[in-house]
1. Given the -39500 (n - 2.57) contribution per DSSP H run of 4+ residues, what per-residue ellipticity at 222 nm results for the chain, rounded to the nearest 500 deg cm²/dmol?
2. For region 28-108, just say rounded, prolate or oblate: build the C-alpha gyration tensor, square-root its eigenvalues into a ≥ b ≥ c, call rounded for a/c under 1.5, and beyond that prolate if a/b exceeds b/c, oblate if not.
3. For K29 and I63 in the same chain, what is the full-extension length gain: residue separation times 0.36 nm, less their Cα-Cα distance, in nm?
4. How high is the relative contact order of the chain, given as a whole-number percent (alpha carbon pairs under 8 Å, six or more residues apart)?
5. For L103 and T124 in the same chain, what is the full-extension length gain: residue separation times 0.36 nm, less their Cα-Cα distance, in nm?
6. If the cut-off is a Cα-Cα distance under 13 Å, which aspartates and glutamates reach K121, setting aside same-chain residues fewer than 8 apart in sequence?
7. Apply the a/c threshold of 1.5 to the C-alpha gyration tensor of the chain and tell me whether it is rounded, prolate or oblate.
8. So what's the gap between the Cα centers of region 3-74 and region 111-130, to the nearest angstrom?
Amino acid sequence: MSKMFVCKMCGHIEFDNAPDRCSVCGAPKNQFQEDADAVMPSGKEGKEKHVPVIVVTDSCGLIPDDCRDIHVKVGSVPHPMADDHWIMWIDVYVNNAYSSRYLMTPQNIQPAVGLHLKTGKTGTLTIIGHCNKHGSWKSDASI
Ligand SMILES: [Fe+2]
């Protein structure tokens, strides 16, 4: 497994090396701490509601000529979205490089997002979902 570095300011995780500045909150490199336990083990109790499920499709209805849709939900049994227990964000990585964060509030939406991936990107897509109570959980998919 790659080394993981966690931003103390916003909880963002970077793989392999700490960046000069946090891609999410802008905190400097010295705010990153290496943490081998930054994500929960995939077999840990509660995995059914926390390990992200990734579905890769071959096309996109919005951007037909250069896009593949990726559907992500947190948990094979969808995680609760309640005021005291919810998925705060979903972070996306392509070949260990951070791509995007989807911030979430619990009131109106499911713990799920649709991603629009440029075609021609191959390798590994990584998703980290973060629960306010139970921490960060990770899944990988081949793209
Ligand atoms: Fe949770």
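1. Result for the chain: -500 deg cm²/dmol, rounded to the nearest 500.
2. Because a/c hits 1.5 or more and a/b fails to exceed b/c, region 28-108 counts as oblate.
3. Extra length available between K29 and I63 comes to 8.6 nm.
4. 22
5. Value of the extension gain: 5.4 nm.
6. Result set, ordered by chain and number: D58, D66, D69.
7. oblate
8. After rounding, the separation between the Cα centres reads 9 Å.
No value in this document is a laboratory result; all are computed from the given coordinates. Since this is a predicted model, take the numbers as computed values, not measurements.
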